[in-house]
1. Given H placed on each backbone N at 1.01 Å, which residues far from Val30 in sequence or on other chains put an amide H within less than 5 Å of it?
2. Apply the Karplus parameterisation 6.51 cos²θ - 1.76 cosθ + 1.60, with θ equal to phi minus 60°, to every residue of the stretch 114-126 and state each ³J(HN,Hα) to the nearest whole Hz, in sequence, with x for glycine and proline.
3. Kindly provide the GluC sites (Glu not before Pro) of the stretch 58-108 that DSSP labels as loop, not H, G, I, E or B, and whose Cβ sees at most 11 other Cβ atoms within 10 Å.
4. Please give me, ordered by residue number, the GluC sites (Glu not before Pro) of the stretch 161-204 that lie in loop per DSSP and have at most 12 other Cβ atoms within 10 Å.
5. If you average the alpha carbon positions of the stretch 18-90 and of the stretch 166-192, how far apart do those two centres end up, in angstrom?
6. Using the Karplus curve 6.51 cos²θ - 1.76 cosθ + 1.60 with θ = phi - 60°, work out ³J(HN,Hα) for each residue of the stretch 257-265 in order, rounded to whole Hz, and write x for Gly and Pro.
7. What FRET efficiency do you get for Ala86 and Arg230 if R0 is 35 Å and r is their Cβ-Cβ distance, rounded to the nearest 0.05?
8. Go ahead and estimate [θ] at 222 nm for the chain from helices alone: -39,500 (n - 2.57) per DSSP H run with n ≥ 4, summed, over the residue count, rounded to 500.
Amino acid sequence: MARLAASVAAIRVAVRRTLTRVRPNGPVLVACSGGADSLALAAATVFVAPRLGLPVGLVTVDHGLQAGSAQRAAAVAKWATEVGFAPVEVAAVTVDGRSGGPEAAAREARYQALTEVARRYGATAVLLGHTRDDQAETVLLALARGAGPRGLAGMPVERELDGTLLLRPLLEVGREQTRAACAVLDLTAWEDPHNSDPAYTRARVRGDLMPVVTQVLGAGAVDNLARTARLVAEDNAALDVIAAAALDTVRTDDGLSVSGLVGLLPAIRTRVLHAWCRELGAFPAALSSRHVAALDALVTDWHGQGPVALPGGGRVARRGGELVAGARPDPTTPR
Ligand SMILES: Nc1ncnc2c1ncn2[C@@H]1O[C@H](COP(=O)(O)OP(=O)(O)OP(=O)(O)O)[C@@H](O)[C@H]1O
């Protein structure tokens, strides 16, 4: 019992720490699926936020992907209203027809819905229930994908999406603690069937890989993987600051100076290219290491190859001693 109560306290402390950092505006919104992580987060937030003078609402997204999904959303909304959340929103989304696989499509639809609701209420922030275990899984996946430092940094504690602040207060809380907290608070958590469906990569990592990792490397491996994300994120932040300054030194009237870029260390140069592409409207998460390598080759290994197409729709070409950007049709690429 003491261990269970400790889990409730630990989650409240994590939420309090997060909420004392935000600049209050409208309500804080908890994104709650009804799963143990976000249910424990919601229970802690509805306890902590009023004590800090913050209004607290809840959003649950109905992806419409499983039988009974509307009932699940309604049950979450009913509970939320009963325990004092206001506003409480059920956001129904359509996942079909989006590209990038079912997991990515559901995620994209969910974040779109969450930011739309947040904007409508002028919310201070949206709180997400990702835990230390989710972070460890993300790091392992990034490592296996060869994602580089940006991927190894895992999920940020804080980020802005379409003008909405997204916060993850539970990144240092273990999944076993959210389950224990739900048990002590007598909250029945919804078990997402996708979480154990081997068709989903994340479910296989969670169900098959992580138990082996902890069995072979010890239970501390989860914490260590999550710590890796924190450390890499700190290094990334420092390198991004250096790259932002370097970007200004290599700008020309029409684009970027190749000789300026050649003079930069590779880690800074690729970040400069990344930051510039972001300015050009390329969605940073969609800019793969393949794109960045192709852009870098325009600088360091140019044999007259044509422009590189960016995921956002623009193109980057080498023109003499410069990299220049253009929308389709291709910018000219004289040798
Ligand atoms: N249907 C949903 N409605 C609202 N928020 C959601 C929904 N699904 C996920 N989220 C938010 O995204 C977070 C991560 O969800 P994900 O499904 O990736 O992980 P999870 O560990 O299964 O989380 P949970 O136990 O809360 O379902 C959740 O904790 C929650 O904050």
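1. Long-range HN contacts for Val30: Gly57, Leu58, Val59, Leu127.
2. Per-residue couplings from phi come out as 5, 6, 5, 5, 4, 5, 4, 9, x, 5, 5, 6, 10 Hz.
3. Values: sites: Glu82, Glu89, Glu103, Glu108; in loops: none.
Of the GluC sites (Glu not before Pro), not one in the loops of the stretch 58-108 has a Cβ with at most 11 other Cβ atoms within 10 Å.
4. Numbers: sites: Glu172, Glu176, Glu191; in loops: Glu172, Glu191.
Listed in order of number, the matching sites are Glu191.
5. Between the Cα centre of the stretch 18-90 and that of the stretch 166-192, the gap is 13 Å.
6. Here the 3J(HN,Hα) series is 7, 5, 5, x, 5, 4, x, 8, 5 Hz.
7. Numbers: r = 34 Å, r/R0 = 0.98.
So, using R0 = 35 Å, E works out to roughly 0.55.
8. Details: 13 runs with 173 residues, N = 335.
Computed mean residue ellipticity for the chain: -16500 deg cm²/dmol.
The values are calculated or read from the model by the stated rules, or taken from the named source; none is laboratory data. Since we're looking at a predicted model, the values are computed, not measured. Glycine gets a Cβ as well: all are built from the backbone with ideal geometry, and neighbour counts include every protein chain shown. Heavy atoms of the whole protein, side chains included, go into the accessibility calculation; ligands, DNA and RNA do not. Shrake-Rupley method; radii C 1.70, N 1.55, O 1.52, S 1.80 Å.
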